[in-house]
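Please read the structure below before turning to the comments.
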Amino acid sequence: MTRSVLRLAGFTVSMLILASASTAWAAQAWPTRPVALVVPFSAGGPTDTVARVLANAMSKSLGKSVVVENRTGAGGTIGAGYVARARKDGYTFLLHHNGMATSRALYRELPFDALNSFEYIGEVVDVPMTLVGRADLPPDDMKSLTAWLRANRDKVNLAHAGPGAASHMCAMLLRRALGLQLTTVPFQGTAPAMTALVGGHVDLLCDQTTQTLSYIRAKKVKMYGTAARRRIGLLPDSPTLIEGGLKDFEVTVWHGIYAPKGTPRIALDGFGSALRQALRDPEVIRRFRELGGEPVADQQATPAGLRDRLRAEIGKWTPIIRSETGYLD
Ligand code: ASP
């Protein structure tokens with residue numbers, strides 16, 4: 001009797017040891033199920049394309065699927081707010097762009113605070129923007145477009161991906177450079193804006209090469225210039241907007257990955273090293289470059305790299321936005 005009680009007690013103790021060891025192991029094991037990568041713009045757009053290239057590579061290295069989830073609206077602020085309030089369990093991340101910096105100055109109230117609601121994972125890729133028009137727009141270059149816009153200022157529509165989106169900022173800078181209050185039309189992302197442009201329902205769109213390149217090459221849209229200091233290698237014959245007469249006209253779209261504040265360290269470190277591994281993957285580099293993007297250097301694809309970029313971009317955009325209220329609608 002005593003011996004069997006002792007045996008039972010011994011069995012219970014070893015089960016407890018095993019159970020606590022496996023709980024400790026489970027806390028160390030991440031990911032054990034698919035991970036969501038939220039994109040705050042529509043599927044098929046530039047930010048979504050970047051997310052899908054990354055998700056594909058990161059799924060392989062993490063051994064679990066990274067699933068892209070599109071939560072659109074209000075220039076990316078709805079998706080960012082969703083991630084800020086998501087469970088801090090290491091299974092929800094956000095891929096955002098310049099909007100993380102610009103929305104602070106644009107919105108009176110936001111469902112998140114760019115500097116306090118998130119953990120930073122790292123920067124991803126920089127992409128130049130291009131100004132494109134519907135294929136049958138009469139002007140053929142930026143100089144004649146400028147004259148045409150002045151003559152048609154009351155009829156022209158400028159599409160963008162919502163207040164605070166990179167395309168909205170580019171539209172604002174264009175209106176300011178020309179001194180024209182052109183009408184703007186917000187969409188949930190670039191994919192529907194581009195559909196409207198190709199369908200001839202809007203006149204102009206300034207957006208990432210990630211989206212515009214294939215349409216420019218297929219002549220489905222007219223190219224008016226790149227919003228970069230220098231011509232880009234993939235479009236050597238297309239002048240910059242600066243060459244077209246728009247002084248200092250430069251907008252680069254930068255992308256970063258975030259997690260809800262309080263996400264466990266194992267998930268932050270794990271997602272971060274999967275990101276850096278993906279950015280060294282020749283296939284990912286090739287894909288980003290053929291879309292006009294340049295993957296960031298290793299030290300920028302880190303929490304400190306992203307935090308510094310975000311702070312610098314908030315510092316850059318806040319005064320521009322505050323002083324340009326006349327061109328912000
Ligand atoms: N390119 C977009 C922007 O203008 C958003 C998107 O990726 O759909 O911010």
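Structure data summary
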item: Tail fraction, Cα-Cα pairs, the chain, threshold 33 Å, whole percent; result: 31 percent
item: For the stretch 233-248, Karplus couplings with θ = phi - 60° (6.51, -1.76, 1.60), whole Hz, Gly/Pro x; result: x, 6, 10, x, 8, 8, x, 7, 5, 5, 4, x, x, 9, 4, 6
item: Positive-end residue of 327, 158, 81, charge dipole of the chain with Cβ unit charges; result: 81
item: Inter-label distance, nm, simple model (7 Å from Cα along the C-beta direction), residue 286/residue 195; result: 3.1 nm
item: 129, 223, 172 arranged by Cβ crowding within 10 Å, fewest neighbours leading; result: 223, 172, 129
item: Top of 213, 268, 178 by mean-square fluctuation, Gaussian network on the chain, Cα under 10 Å; result: 178
item: Additional length obtainable on full extension of the chain from residue 316 to residue 183, 0.36 nm per residue less Cα span; result: 45.4 nm
item: Rounded, prolate or oblate (a/c below 1.5 giving rounded, otherwise prolate when a/b exceeds b/c) for the stretch 234-329 by Cα gyration tensor; result: oblate
item: Partner lysines for residue 219 [C-alpha distance under 21 Å; skip if fewer than 8 residues away on the same chain]; result: 143
item: Length-normalised contact order of the stretch 209-311 in % [C-alpha pairs under 8 Å, at least 6 apart]; result: 24 percent
item: Globularity index of the stretch 164-220, i.e. its alpha-carbon radius of gyration over 2.2 N^0.38 Å; result: 1.12
item: Span-rule helices in the chain, defined as complete DSSP H runs reaching 20 Å or more along the axis (Cα) with Kyte mean at least 0.0; result: 2-28, 46-62, 265-280
item: Too-long pairs where the Cα-Cα distance tops 27 Å, listed order kept, from 64/316; 88/316; 64/88; 222/247; 60/222; 220/316; result: 64/316; 88/316; 60/222; 220/316
item: Value of relative contact order over the chain, rounded to a whole percent, pairs C-alpha under 8 Å and six or more apart; result: 26 percent
item: Span from the the stretch 64-91 Cα centroid across to the the stretch 121-158 one, whole angstrom; result: 30 Å
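No value in this document is a laboratory result; all are computed from the given coordinates. Because the structure is predicted, anything quoted here is derived from the model rather than measured. Cβ sites come from the backbone with ideal geometry, for glycine too, and all protein chains shown count toward neighbours.
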